[in-house]
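Take a look at the structure below.
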Amino acid sequence: MSENEFEKIKEILLERKKQILKNIDDNSKEIDGLKVAEASDDADHATISADTAIEEALNVKQQKELKEIEYALFKIANGSYGICEMCEEPIGEARLEVKPQAKYCIVCREIVEKRA
């Protein structure tokens, strides 16, 4: 990859990081609002509980993606970005365009997913 391509990917990652941080903040505010909401009956209580669980699950997913992005930015900084962590071969540019925080090439990703 050229230096220009690395900068483009870095910009994409930073923009996604910014969006995730905003989403997490918004979700946290939503959860706080749900926690103080008064339920007038069992149906309201169930709805509030379900909504809270959904918001918390979204936060967990967003936190995971945020860690992946921060790790990808670290790898860009130390010069190891774009190399598969399993086979140590370059990750295809098409894959990095779709998922810039990818740690594995397509073949190794499939192996990792089958193990999980």
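The values are calculated or read from the model by the stated rules, or taken from the named source; none is laboratory data. What you see is a predicted model, and the numbers here were worked out from it, not measured in a lab. Quick reminder, even Gly has a Cβ in these numbers, built from the backbone with ideal geometry, and neighbours come from all protein chains shown.
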Exercise for review: Check every one of the helices (runs of 4 or more DSSP H) wholly within the stretch 18-116 and list those with 2 or more residues that are under 26 Å from GLU3 (Cβ atoms) and assigned by TED's automatic domain parsing to the domain that holds PHE6.
Suggested key: 42-78
Review point. Conditions: (1) within 24 Å of VAL112 (Cα to Cα); (2) surrounded by 14 or more Cβ atoms within 10 Å (Cβ to Cβ); (3) in contact with a Ser or Thr (Cβ under 9 Å, 6 or more places away or on another chain). PHE74 meets all but one. Number of the miss?
Key: (2)
Check your understanding: Among the listed residues LYS10, LYS18, which satisfies the condition of being surrounded by fewer than 13 Cβ atoms within 10 Å (Cβ to Cβ) and modelled with pLDDT of 80 or more?
Key -> LYS18
Exercise for review: Taking the options GLU93, GLU65, name whichever one is in contact (Cβ under 8 Å) with a residue 40 or more places away in the chain and exposed (fewer than 14 other Cβ atoms within 10 Å of the Cβ).
Suggested key: GLU93
